[in-house]
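Worksheet: one structure, shown below.
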Amino acid sequence: MDKPNGGGLRKRQQIAKSNQMMFLWIIAVSAVVGFSVVLIVFLAQRIWFGESVIREKENTISVLNKNLEVVPDLQDNVRLLNTNEALMSSRLDANHSALQVILDALPADANSTSMASSLQTRLLTGVPGVTIESLKVEPVSGLEVDSTNTSINSSSDPAENAIGFSFSISANNSRQDGLRKVLQQIEKSIRPFNISTLTIESQGSRIFLSATGLGYYEPAQKVQLTDKVVEQ
């Protein structure tokens, strides 16, 4: 009677051991599968990151190649401008190149003091019988003065890269043609000016011309290589 019970016990022990081994195998296989999934995700991320870096390098190479292609045309245009008769005749100094006229026409800095000096010593003077009554050039808000300050430039639609100015000149009634000559001098200036308001009034024996407008500058453009971080 004992043998059957002993045989049954051994079978139960073998079944339990088999279940235990199966459980351990399942754990081992699950661990391998989990590790494989993590490794696949990691490799996929590295591959994607590598492709992103390659794309950015290819974009950089493409831009540099396009820039190199236009260099000869740019050099030809610069040489052509250096021989331009209109620019040569507009030079302030005979030793300057023709390209200097372009730089003088649109200064790289918002220098309102320099523009005021140009108006006072060159454009509003030199005409017999004409007197400068007043001249005001506003510093550029945010660059030369605090942006909270008001100026001629400050409006609901301010001009970009502009310096506001106003002036008043006068001449005797017999020399009123001088006022027109002053305006012609401003018009012929290599530096662009835009007169937005103009008023003329007579007071006794003199005629007064008052005007407000904008002068312009063009900030220098910087060309340089920069680093770009490609995040993983």
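Computed values, structure above
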read-out: Extension gain from ARG122 to ASP177, taking 0.36 nm per residue of separation minus the Cα-Cα distance; value: 18.0 nm
read-out: Per-residue ³J(HN,Hα) for region 95-102, Karplus 6.51 cos²θ - 1.76 cosθ + 1.60, θ = phi - 60°, Hz, x for Gly and Pro; value: 7, 7, 7, 5, 5, 5, 4, 5
read-out: Karplus-derived 3J(HN,Hα), 6.51/-1.76/1.60, for each residue of region 17-23, Hz, glycine and proline x; value: 5, 5, 4, 5, 4, 4, 5
read-out: Pairwise Cα inverse-distance average, inverted: Kirkwood Rh of region 1-82 (Å); value: 19.8
read-out: Length released on extending from HIS96 to ARG206, taking residue separation times 0.36 nm less the Cα-Cα span; value: 35.5 nm
read-out: Label selected from (1) 17.1, 50; (2) 18.4, 60; (3) 40.1, 149, the criterion being Rg and Dmax of the Cα atoms in Å as computed here; value: (3)
read-out: Which of PHE49, PHE35, ILE15, positive extreme of dipole for region 1-82 (C-beta unit charges); value: ILE15
read-out: Overall dimensions of region 37-110 by Cα: Rg and Dmax, Å; value: 24.3, 76
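Values quoted throughout were computed directly from the atomic coordinates according to the rules given, and no laboratory measurement underlies them. Treat the numbers as computed from the prediction; the structure is a model and nothing was measured. Reconstructed Cβ throughout: ideal geometry from the backbone, glycine too, with neighbour counts over all protein chains shown.
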